[in-house]
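Below is one structure, written out as structure tokens; comments come after it.
The values are calculated or read from the model by the stated rules, or taken from the named source; none is laboratory data. All values derive from a computational prediction rather than experimental measurement. Cβ placement follows ideal geometry from the backbone for every residue including glycine, while neighbour counts extend to all protein chains displayed. Ligands, DNA and RNA are excluded from the accessible area calculation, which covers all protein heavy atoms including side chains. Shrake-Rupley method; radii C 1.70, N 1.55, O 1.52, S 1.80 Å.
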Amino acid sequence: MRTSSKFLVLAGIATLACSSGLRAQMGQPAGAGKAPAAPAPVHDLSGVWNMRGTPEQRKYLGSTYTADGPAMTAWGKEKYDAAKPSNGPRTNALTVTDDPVLRKCFPPGTPRIYLQPFPLQIINTPKEIIMLFEYDHTIRQIFTDGRAHPDDVIPTYMGHSIGKWDGDTLVVDTVGFNEKTWLDRDGHQHSDQLHVVERFHRVDMNNMVDDITMEDAKALAKPWVTQLHFTLHPEWDIMELACPDNQAFESFEK
């Protein structure tokens with residue numbers, strides 16, 4: 001059981017400094033100094049996980065994925081330059097930001113959802129793997145029953161995800177995005193051509209990595225590649241966090 005944060009810090013940190021989730025993300029992985037973790041179970045990612053940054057990532061992981069950002073097309077650069085994020089080096093006041101999460105309470109999308117400093121729970125079923133994110137109780141379905149993406153996929157915030165096991169690595173392919181989300185919290189944007197491929201590998205019982213490749217011919221000049229690290233927290237439960245209850249959106253209209 002964790003102690004719940006009572007509100008989000010609206011300046012983009014989005015949680016109190018005392019939040020156990022934020023402490024873990026900022027480089028304090030659970031179990032430091034303990035005996036090595038047991039081997040990982042096969043084809044099973046279930047449990048409550050929290051992202052943590054590597055030493056190299058800690059300076060920027062709250063807003064983006066890599067130190068130098070992606071290579072952008074002219075379209076992508078124009079969108080990025082026009083954005084007014086409230087996180088990262090181009091911070092704007094909350095009354096000015098056009099961040100779709102802070103401004104409109106839109107779902108963060110894939111993979112930006114990982115940058116929200118709250119844990120996620122993975123649930124395995126015979127048909128699909130379900131990711132339940134604490135942030136705004138967002139649900140992501142990853143179908144593992146052999147289906148393909150539908151030809152008439154409906155654009156959504158999180159996209160349409162299908163997965164398969166490659167040895168002990170879960171490969172997840174996601175398409176079908178709308179254009180209402182950002183790739184990160186620094187204002188890098190994407191089109192409906194966004195294609196995200198993730199490779200989840202459980203290193204041992206308590207640690208998992210996600211190798212992410214983002215492709216978008218309209219927004220990115222070349223694929224944007226990163227790796228995120230997660231720590232298992234068997235003692236945690238996912239709690240309720242409703243975006244409208246935790247962010248004073250009414251102030252933007254005053």
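General observations
- Compactness ratio for segment 44-249: Cα radius of gyration over 2.2 N^0.38 Å (N = residue count) comes to 0.99.
- In this structure, the residue pairs whose Cα-Cα separation is over 29 Å, taken from Lys127/Lys222; Lys59/Lys180; Lys127/Lys218; Lys164/Lys218, are Lys127/Lys222; Lys127/Lys218.
- Extending 7 Å from Cα along the Cβ direction at Arg103 and again at Trp165 yields two label points whose distance is 4.4 nm.
- Cα shape, segment 142-254, gyration tensor, a/c 1.5 rule: oblate
- Largest to smallest accessible area among His190, His195 [probe 1.4 Å]: His195, His190
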